[in-house]
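The values are calculated or read from the model by the stated rules, or taken from the named source; none is laboratory data. On a predicted model such as this, the values are computed, not experimentally measured, just so you know. In this analysis, Cβ positions are derived from the backbone assuming ideal geometry, glycine residues included, and neighbour counts consider all displayed protein chains. For the accessible areas, the whole protein counts, side chains as well, though only heavy atoms, and no ligand, DNA or RNA atoms are used. Shrake-Rupley method; radii C 1.70, N 1.55, O 1.52, S 1.80 Å.
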Amino acid sequence: MIGLLDDFVQSFRLMRRHPGFTVMATMLLGLGIGAATVLFSALDALLLRPLPVEDPDRIVRLARVRPGGIEALTDFRQEVYLALSQRAQNLTKVSAILDLNAAYQDGEQPQRVRVQAVSASYFSVFGVGAHLGRVLRSEDDEPGDETRAVVLSFDFWTRRYGRDPAILGRKVFLRGQPFVVVGVLPSGFSGASVDTSPDVRVSLPSVSFLTDENEVRRGMLWYELIARLRSGASLHAARDEANALFRGAMEAALTGQPDLDDRIREYELSGDFRLEPIPRGVSRLRKQHSNAAVFSLAAAGLLFTMLCANVSGLLLARCAARRHEFAVRLSIGASPGRLFRLAVVESFLLAVGGGLTGLGLAHMMLPVFVMSLPPVTLSDATTVPLALNIGLDLRVAAFATALSLLTAVAITLAPAVRAARTDPHSALRGVNTTRMNRGRSVLLAFQVALCTVLLVSAGLLMTTLRNFRELDPGFAKDRVVTFAMDLDLAGETAGQLRDGLKRMLAGVRSLPGVRHAAYSSRALLRGTGIKVTIAPAGQSPSPGDFMNTSIHVVSDGYFDTLGLQLLSGRGYDLADYESVPADSKPRPIVVNQAMSRRFFPGGSAVGKRFGITGRAPAKADFEIIGVVSDAKYRSLREPVPATVYQPLVLGKGTPDVLHVRTDVAPAAVISDIRRVLRGIDPRLPLTKVTTLGDDVEASLWSEKAVAVLAGAFGIFATLIVAAGLYALVSFVVSQRTREIGIRIAVGARTVHVLALVSRQTFPAAAAGVLMGVALSVPAAKAVQSLLFEVSATEPRLLTAAVLLVLAATVAASVIPTLRAIRIEPAVALRQDA
C-alpha cells in the first residue's frame, strides 16, 4: 500500500513538472469522453432507457397492422375498449387514449395545446401519481358541469405558470368549456411516448366537449389502447384473448349499423391484431433518427479511439525520453514490475482527469445540444415541443465511468510494457534503435486509418445533404410563405368564418409583391394528408395496396401558388369551389403524376374513373379531369405519393394553411399579410408562419446534423493525425540529432537526410491510408441507409479523403523535417558529448 501511495505521489509530481503535457492529454481525453457521453445520452433516451414507470416490462400496447404493412395505433373503437377493460382476464388494466388539439384559455389570448383524453385507469396502468395535487380518478369519468377535471404536464406547468403551486383549483377553459386544474404530473412522465408529451390530460368523457359532437354521437372516434399484463400471464395467451375480444366487439358494433357502407365495414374488420410489449415506450423519432444516432455515437467512438491512440503515443514518446531515468532505477534495484506500476498509475491519473473533464464538458454541452433539437411534427401536422428526456443520470454517469476506465486501459498498456522492458545497458550507453519507434509508428498508422474512415463517411454524408438541397421538390420553395391557422382557436365554425376567409384571400392577393395565394388542408413537408385505398373503376386493390393514395383539399389558385404545373386536361372551375353536389357521380377530380402512373400507366389518365374502396371492386366515384406535376409532401427522401386534390368549399371544408407566393423576398410581405388577416378578423389565430425554404431546411435537420457532426469529427481527426505525426517526427529528429549531425558532417546531402526522417514516418502513414481505404468501404455500406443518391464506394470521395490525409501528413512533417536539415554538425556533436 505504501509503495502504491508513493507511486501516486511521484506521478503527481511528474505531471506537475510537465503541465503542458498534462493539460493537453487531459483535454484531449476529456473532449472524446464528453462528446461520446453527450451522444450516448441522446441514444439512451431514444433507444435504450426503459419508461420511468412501475414495472415497464409489463406494459403493452394494442396495434393493428393493415394490409400492406401499415401499422395503426389509434385505431380502436370504444366498444373494443369496453370489451377489453371489462372482460380481459390476462390484462389487469386497460386504458383508452385520444389525442387532439384544443384552444386553452386562462386569460385574454387562447393558445393551442395538445390534449390527451384518457380513461381513469390510465395512471394505474403506469403506476404513477401526481407531483402536485392528484391524478384523474374514476369519478372524473362522469363529470358534472363544474367538475370537469384537467391535469397539467410538468413541462406545461413550468412554461405557462412558472411552477406556481397555486395552480390547483384554478378554472381554465378548453374550447370555451370550463375545467378545473386538479393536479400536475411528475417531471419526465410523458406516458407511453418517449419524445412527445401532451400539455394537459382530461377524462375520456370530456372529449364530447372538445371535438365534433356528430363524431361522438355516431361513435366515430378511434382510440389508442394500452394495458398492463397480469403478473404470471403469458404474452401469447393475452394476445389471443385480446384478439378474440376485439373481433367480437367489432362484429357486434358493425352488426348494429345496417346502413353502414360495405367499404367501411370491410375496412373496420381488416388487418392483423397485435399485442406488443413497450418497456422502452413508443417513439415517433425512433425509426426516423435511430440510424443517425447510432452512426453519430459510432463516429464519436472512432474519434475517441484516435484520441486514446494519440495520448498513448505521447506517453510512449515520454517513456522513451525517460529511458535514462528508468535505466538508473533498474540499476539501483527497482524491479520491472515497479516501472510498469509507475506507468499504469500515471496513465490512470490522466484517464481520471479526462473522465472528470469529459463529464464537466458533457454537463455544459447537453443543454446546448437539447436546445438545438427540432420540435416533433405529429401525423396531423401539429408541431409539439420535444419531450425527450436527455440528461446526465446514473446510466450516463456509468457510461462515462466505464469509458474512463477503458481509456486508462487503452493508454496504459503500450507505455507501461515499454517502461518495464527498458534495457539499462543500452539506455545508459545512449543507444537508440529503430525498434523503439515501432510502437509509435503502429499507433500513427492506426490513427491515420481511422481518420480516413471518418473523412470518407463525412464526405458521403455531406454529399447526401448537398443532393437533398439540390433536389427539385416539385414546388416553388424559394418565395412561398405558409400561414398555419387553427380556426378552433377563433371560437367559430368554418361556416361562420366563410365570408371572412374569402375576404382574407382577396385582401392578400391584392397586396403589392404577392403573385398568388391559396388555402389548403395540409402544409407541404408536414405529412401526406388523409390516406385512402383507391382502385380504377371495376377493379379491386391488391392485398398489399392498402392506403395507397393521399387526399388533399385545396382552394382555387393552389396549383399556381405552389408552382405545380398542369400537365394534361384542365384544372377546377370556380364553380367547383362553390359547391360539391353530393349526388353527382362521377365527380371531377385532379390528380398528380404519381397517381396517374400508378393506376393508369401507358396513356393519359384524363377521363379515367376510379373509386375509394376496400377489397370490393371500386365504383366510378371520380373522373379525372386533370393531371398536375408531382410534389414532395412529407419528406424529400420518400418517393412522391399518389395524390388526389379535392376542391375546398369554404363552409363545408376547413382550411388549415394559407399559402402565399411572392415576387419579392417573403420576409418583405409577411407583416403586410399579417395586417390584412388581423384587419379582417383579429381573432384568427396564426399558429405558425414560415417559408417553404425554411420548411425544407427543417425537414433536413437529421441529415444536416449528422453531416455537421461527421464533418467536425473528420476535421478533428485530421488535426489529431497531424499532431501525432508532428510529435513523432519531432521525436525522431530529437533522438537522432547526433546521427544526423554526423551524416551531414561526412557529406550527406539534404535528400539523404529527408529520406532518413521519412523512413520513420511516411511508411506508417501510407500503411494507415491503405488500411483506412480498405475499412472505408464496409463502413460506408454500414451507413447506406443514411445516404441519398451517392454510392458508398464513390471513388472521388475516397480520393479526396486520401489526398487530405496525405496533405496533413506532409504539413505536419514540414517543420521538424526542416529542423533536421538545418542541424549544425558541431552543435549536434557537442550536444551529445
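Some notes on this structure:
- In the set (1) closer than 22 Å to Leu51 by Cβ; (2) outside any loop (DSSP other than H, G, I, E, B), the condition left unmet by Pro186 is number (2).
- Checking each residue in the range 93-114 for being among the polar types (S, T, N, Q) and at pLDDT 90 or above picks out only Ser95.
- Criterion (touching a residue at least 60 places away in the same chain (Cβ under 8 Å), crowded, with 18+ Cβ neighbours inside 10 Å and farther than 24 Å from Leu505 by Cα) met by exactly one of Phe622, Phe610: Phe610
- Residues (of a type outside the set (A, V, I, L, M, F, W, C) and touching a strand residue (DSSP E or B) at 6+ places or on another chain (Cβ under 7 Å)) located in the range 105-124: Gln105, Asp106, Pro110, Gln111, Arg112, Arg114, Gln116, Ser119, Ser121, Tyr122, Ser124
- Top-ranked residue of the range 128-146 - restricted to ones that are under 17 Å from Ser85 (Cβ atoms) and either in a loop (DSSP other than H, G, I, E, B) or of a type in the set (Val, Ile, Thr) (or both), ranked as modelled with the lowest pLDDT: Glu142
- Residue under evaluation Tyr645, criteria (1) touching a residue at least 40 places away in the same chain (Cβ under 8 Å); (2) of a type in the set (Ser, Thr, Tyr); (3) surrounded by fewer than 21 Cβ atoms within 10 Å (Cβ to Cβ), criterion not met: (3)
- Evaluating Ala668 against the criteria (1) open to solvent by 30 Å² or more (accessible area, probe 1.4 Å); (2) free of Cβ contacts under 8 Å to residues at least 60 places away in the same chain; (3) within 30 Å of Arg509 (Cβ to Cβ) leaves one unmet condition, (2).
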